[in-house]
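Student: Below is one structure. I have some questions about it.
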Amino acid sequence: MPRDSAAPYTISGSNDPAGFHVGNMRDLRPTWGQKIARLFDYWKDIRSGSGFPSRLDIDPVAIAPTLANVFLGDIDPNGPEFVYRLAGEEIVTVFNNYNGRHGFVGVKLGESLPPEKAALIRNRWRPLAESGQIIYMRGLVYLTLDRYAIGERLVLPLSTGGKGVDGFLGLTVCAWQSLEKLGHSEGLDIYYIDPATV
């Protein structure tokens with residue numbers, strides 16, 4: 001897939017098959033599923049001015065229809081490392097099938113995936129940790145040994161103090177397919193959106 005020359009964190013020579021883009025919420029919005037749009041609107045509603053909401057601002061009742069697909073965590077700035085606090089039933093099922101884990105509390109990204117895949121995802125999520133970029137992904141969101149999933153993922157910055165990013169709130173919605181159906185056209189597009197523009 002083509003990579004936008006202006007997209008942040010695109011590494012020349014990287015073996016990451018994703019296409020990286022600079023996004024705009026107004027342009028992307030028509031493609032979003034209802035759950036993705038609902039979570040984004042909620043995140044915007046609980047923001048404090050131009051800052052980011054805190055994990056403590058999140059009311060599970062307000063996002064109840066999305067909870068099965070939601071994941072929440074902290075960012076250790078020394079990595080950056082992404083540490084899950086919780087994940088919805090759909091997310092836990094994916095990783096339980098993949099690596100046998102039944103819960104996500106305190107699980108680091110590197111502990112839930114093989115090292116090469118964890119490094120790939122850390123790089124993809126680095127703009128969120130370093131500058132609070134919103135991450136929107138569309139396409140091949142999961143690939144396991146026996147099946148794959150096409151869908152969307154949204155990862156939003158959280159902050160205890162309102163400015164520096166120290167957490168994340170995300171949602172993945174997808175449809176699973178048999179691996180035999182996987183074609184060469186399936187890929188992943190990653191969009192980085194400046195939160196100041198939304």
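Since every read-out is calculated from the coordinates, none of them should be taken as a lab result. In this text the structure is predicted, and so the values were computed from the model without any measurement. Methodologically, a virtual Cβ is constructed for each residue, glycine included, from the backbone with ideal geometry; neighbour enumeration extends over all protein chains shown.
Student: Based on Cα coordinates alone, diagonalise the gyration tensor for the chain, multiply each eigenvalue by 5, take square roots, and list the semi-axes in whole Å, largest first. Don't jump to the answer; show the numbers that get you there.
Tutor: Values: eigenvalues 111, 81, 61 Å².
Output for the chain: semi-axes of 24, 20, 17 Å.
Student: Then there's this: Can you tell me which aspartates and glutamates have their Cα less than 17 Å from the Cα of residue 35? Leave out same-chain residues fewer than eight positions away.
Tutor: Hits, sequence-local ones excluded: 45, 59, 89, 90, 152.
Student: Where does segment 30-87 land on Rg/Rh, using Cα atoms and the Kirkwood Rh?
Tutor: Working: Rg = 12.7 Å, Rh = 12.8 Å.
In segment 30-87, Rg relative to Rh is 0.99.
Student: Go through 147-154, 21-28 and give me the packing order, highest mean Cβ count within 10 Å leading.
Tutor: Details: 147-154: 19.1, 21-28: 16.0.
Per-residue mean Cβ counts within 10 Å order the peptides as 147-154, 21-28.
Student: Over the C-alpha atoms of segment 111-158, what are the Rg and the largest Cα-to-Cα span, Dmax, in Å?
Tutor: 12.0, 36
Student: Residues with beta-carbon under 10 Å from that of residue 83, excluding residue 83: net charge, scoring Lys, Arg +1 and Asp, Glu -1? Display every interim value, and only then the final one.
Tutor: On the way: positive: 85, 108; negative: 74, 76, 81, 111.
Neighbourhood net charge equals -2.
Student: Would you give the gap between the C-alpha center of segment 28-77 and the C-alpha center of segment 118-169, rounded to a whole Å?
Tutor: After rounding, the separation between the Cα centres reads 13 Å.
Student: So, one more: What Kirkwood radius, in Å to one decimal, follows from the Cα pairs of segment 128-198? Kindly include the intermediate steps, with their values, before the conclusion.
Tutor: On the way: mean 1/r = 0.0742 Å⁻¹.
One decimal place: 13.5 Å for the Kirkwood radius.
Student: Counting helices only, and only those DSSP H runs with n ≥ 4, report the 222 nm mean residue ellipticity of the chain as the sum of -39,500 (n - 2.57) divided by its residues, in deg cm²/dmol to the nearest 500. Before the final figure, lay out the partial values.
Tutor: Values: 5 runs with 48 residues, N = 198.
Using -39500 (n - 2.57) per qualifying helix, the result is -7000 deg cm²/dmol.
Student: Evaluate the relative contact order of the chain (contact order divided by residue number), counting alpha-carbon pairs under 8 angstrom at least 6 apart; express in whole percent. List each step's numbers first, then the result.
Tutor: Details: 376 pairs, mean separation 52.4, N = 198.
That works out to 26 percent.
Student: Peptides 187-195, 52-60: what's the order by average Cβ count within 10 Å, highest mean first? Mind showing how you got there, number by number?
Tutor: Values: 187-195: 19.6, 52-60: 15.9.
Going by the mean number of other Cβ atoms within 10 Å, highest first, we get 187-195, 52-60.
Student: What's the ranking of 37-46, 82-91 by average number of surrounding C-beta atoms within 10 Å, highest first? Don't skip to the end; give the middle numbers.
Tutor: Numbers: 37-46: 16.5, 82-91: 18.9.
Descending mean neighbour count gives 82-91, 37-46.
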